[in-house]
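A short worksheet on the structure shown next.
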Amino acid sequence: MKKVMLTLSATVAAAFFSGCICTETTTVPEVKIAGEKEAAPGTKNVEKKPAEPKPAEKKPAAEARPAEVKPAEKETAVTKPVEKKPAPAPKPAEKKPAPAPKPAEKKPAPAPKPVEKKPAAPAETPLILTDTVWTPVSLYNQGDVKLTKGTTVWFRIHPGKDIVGMSGVNRFSAPAEIPAPGKLKFGLMISTLMAGPEANMKYESLFLNALNRTKSYEITGRELKLFGADGKVLMNCVQAGPGVGEDASSK
């Protein structure tokens, strides 16, 4: 605003001084302008004074208007604060009463089956060396020598008397002595002189030789073992079946 007013003052001052300077009268030659009427005689020439410049009207400077703020063409949507609704209070869980346990059905225990009492087996009479019929199942150095089918070898000892039996082909007998518990020895063997199958004759020879060399015995359960002087087993025997050797029981 100050700059505008200073400019206007300078302009007015310049115009005022220029008017004062131009107030001198000058004689202007008459110029006839075509078409103009000549002045009538006797008229004086009117001096034409230059027009005084009118001081410039000082117009008040236009007040600066504040810039109009135009609203934005598109109003931005004002985001409304989201109303936070309080979370609904959780409903208390309905506690359903637990179903009452059903009483267990007590089934009657099955009646125990009566234990069948089996009659106790009669205690086996321990076998003894004498008055027992024995039959050999293996011989010392027997190898592959076997009796023919249907042949039975057996012997029986009469306490304080003798040993009698069947050796495979012939009958035999001999004196028998038990000098101490577990000790046993036989005297001279006497037998018949019958001939038979070769396998039976070989078996008979092995059987009688084992009896001649016997010096001790041992009974374990239902088994009898005869030992030689060197402790080797000469013969393994078991109790003979029923009916075997009965013909010799009276001797």
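The values are calculated or read from the model by the stated rules, or taken from the named source; none is laboratory data. A quick note: this is a predicted structure, and the numbers were derived from the prediction, not measured. Cβ atoms come from the backbone with ideal geometry, glycine included; neighbour counts cover every protein chain shown. Protein only, heavy atoms only, side chains kept; ligands, DNA and RNA dropped before computing areas. Shrake-Rupley method; radii C 1.70, N 1.55, O 1.52, S 1.80 Å.
Okay, residues lined up against (1) modelled with pLDDT of 95 or more; (2) under 12 Å from Gln239 (Cβ atoms); (3) touching a Phe, Trp or Tyr at 6+ places or on another chain (Cβ under 9 Å):
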residue: Pro110; (1), (2), (3): no, no, no
residue: Ile128; (1), (2), (3): no, yes, no
residue: Asp131; (1), (2), (3): no, yes, no
residue: Trp154; (1), (2), (3): yes, yes, yes
On the given criteria, is Gly243 within 23 Å of Thr125 (Cα to Cα) and under 60 Å from the mean Cα position of the chain (by Cα)? no
Being among the charged types (D, E, K, R) and either surrounded by 14 or more Cβ atoms within 10 Å (Cβ to Cβ) or in contact (Cβ under 8 Å) with a residue 12 or more places away in the chain (or both) is the filter here; which residues of the range 178-212 pass it? Lys183, Lys185, Lys202, Glu204
Checked the range 220-230 for anything over 60 Å from the mean Cα position of the chain (by Cα) and open to solvent by 50 Å² or more (accessible area, probe 1.4 Å); matches are Lys225, Ala229, Asp230
Could you list, in sequence order, the residues of the range 149-173 that are under 16 Å from Ser216 (Cα atoms), without any contact (Cβ under 8 Å) to a residue 40 or more places away in the chain and open to solvent by less than 70 Å² (accessible area, probe 1.4 Å)? Ile157
